[in-house]
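As structure tokens, the structure follows; a few thoughts come after it.
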Amino acid sequence: MNIEQMLKAMTPEVYQRLSQAVETGKWPDGSLLTDEQRETCMQAVMVYQARVLESDEHMTVGKDGNIVHKSRQQFKQELNQTTGEEPDNEQDIIRVRQSDF
């Protein structure tokens, strides 16, 4: 089976299972992956991320084939975009008075 055939046959559910197996070193039934299985699964996950997902998430394989690395500043900017907050807007999580203790 070549890469293109594998990608056509791989569903998002299969990708998730393979990804989880690579992360944990175990199949969903709890049995351990061999070194060869882990290597093969990791390659399949990386090809799927690059060709199908075209992911820009941190530590995934981007569509250019390189691993996506993001800086702390990039994470902060993405968080601000999703929450609608202004960048570098310091907000308190909680304020307490010393007399409360």
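If only one of 90, 86, 78, 54 is surrounded by 12 or more Cβ atoms within 10 Å (Cβ to Cβ), at pLDDT below 70 and among the charged types (D, E, K, R), which one is it?
54
Residues of the range 1-22 being without any contact (Cβ under 8 Å) to a residue 24 or more places away in the chain, surrounded by 12 or more Cβ atoms within 10 Å (Cβ to Cβ) and not polar (S, T, N, Q), which ones?
14, 17, 21, 22 - these are the residues of the range 1-22 that are without any contact (Cβ under 8 Å) to a residue 24 or more places away in the chain, surrounded by 12 or more Cβ atoms within 10 Å (Cβ to Cβ) and not polar (S, T, N, Q).
Considering only the range 29-46, how many residues are surrounded by 14 or more Cβ atoms within 10 Å (Cβ to Cβ), β-branched (Val, Ile, Thr) and either touching a residue at least 60 places away in the same chain (Cβ under 8 Å) or not in a helix (DSSP H, G or I) (or both)?
Taking the range 29-46 first, the residues surrounded by 14 or more Cβ atoms within 10 Å (Cβ to Cβ) are 33, 37-38, 40-46.
Checking which are β-branched (Val, Ile, Thr) leaves us with 40, 45.
Filter again for either touching a residue at least 60 places away in the same chain (Cβ under 8 Å) or not in a helix (DSSP H, G or I) (or both), leaving none.
Summing the residues that are surrounded by 14 or more Cβ atoms within 10 Å (Cβ to Cβ), β-branched (Val, Ile, Thr) and either touching a residue at least 60 places away in the same chain (Cβ under 8 Å) or not in a helix (DSSP H, G or I) (or both) in the range 29-46 gives 0.
In the range 1-28, which residues are part of a loop (DSSP other than H, G, I, E, B) and over 18 Å from the mean Cα position of the chain (by Cα)?
1, 2, 27, 28
The values are calculated or read from the model by the stated rules, or taken from the named source; none is laboratory data. Just so we're clear, the structure is a prediction, and the values are computed from it rather than from any experiment. Using ideal geometry, Cβ is built from the backbone for each residue, glycine included, and neighbour counts are taken over all protein chains shown.
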